[in-house]
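To start, the structure itself, in structure tokens.
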Amino acid sequence: MIASLMAPLWAPFAGAIIAAFFWHPSDLGNVDPGTWILMAAMFGALYGYAAILAVGLPAHILLKRWGHRSVWAYLTTFFVCELIIWAAVYTASYASNGPGVALSILAGTIVDHPGRPIFFGLVGAVVGVTFWMIARPDRKPSSIS
């Protein structure tokens, strides 16, 4: 439970980093930089906790069930899961233009700006390692009488 609450805290941190250093949307008008960073951190928190509930916890359960309890299994799984989540959310954000256009924009972003999905994947990997460090699925549960 603690791992599910603590590990996703990397997502608001990543959102704040993106907002502070890489992207300030001009269509938001005259938004104060501090407000913009706070908004990005809040969105990151929402995104991170939704992702851990929808994908991270089921991945953890499956990894344990299948006997994959190493830090590398969590790092890799959370990296890949985050790439899939990023692609789904990114594509959905352009869905109003039609599925073909949305997929074309996704493909163009992956080719022209591969750092974007890689950044999100790395955040997922850090969340996975943090989750593993807290939950320690490699250890047998202690028997408390």
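Let me check something: with ligands and nucleic acids excluded, how do L83, L103 order by accessible area (1.4 Å probe), largest to smallest?
Output order, biggest surface exposure first: L103, L83.
So, taking all protein chains as they sit and a 1.4 Å probe, how much accessible area belongs to F120, in Å² rounded to tens?
60 Å²
Leaving ligands, DNA and RNA out of it, report the carbon-plus-sulfur percent of the accessible area of the chain at a 1.4 Å probe.
On the chain, the fraction of accessible area on carbon and sulfur atoms equals 73 percent.
Just name one of V129, I105, T91: the one whose Cα is farthest towards the positive end of the charge dipole of the chain (beta-carbon charges, Lys/Arg +1, Asp/Glu -1).
Of the options given, the answer is V129.
Show S104, S96, S4 ordered by accessible area, largest first, where the area counts protein heavy atoms only and the probe is 1.4 Å.
S96, S104, S4
Just the accessible area for M133, please: 1.4 Å probe, Å², rounded to the nearest 10?
My reading of the accessible area for M133 is about 120 Å².
In square angstrom, what is the accessible area per residue of the chain with a 1.4 angstrom probe?
Heavy-atom accessible area per residue stands at 63 Å².
Please calculate the 1.4 Å probe accessible area of R69, with all protein chains present, and give it to the nearest 10 Å².
We get 90 Å² for R69.
As I understand it, the value is the acute angle between the Cα axis of helix 115-135 and the longest principal axis of the Cα atoms of the chain; what does it come to in degrees, rounded to 10?
20 degrees
When a/c is below 1.5 the answer is rounded, else prolate if a/b is larger than b/c, else oblate, so apply that to the stretch 1-135 with a ≥ b ≥ c taken from the square roots of the Cα gyration tensor eigenvalues.
The shape class here is oblate.
The values are calculated or read from the model by the stated rules, or taken from the named source; none is laboratory data. What you see is a predicted model, and the numbers here were worked out from it, not measured in a lab. Using ideal geometry, Cβ is built from the backbone for each residue, glycine included, and neighbour counts are taken over all protein chains shown. The protein model used for the area step is the full one, side chains on, heavy atoms only, and it has no ligands, DNA or RNA in it. Shrake-Rupley method; radii C 1.70, N 1.55, O 1.52, S 1.80 Å.
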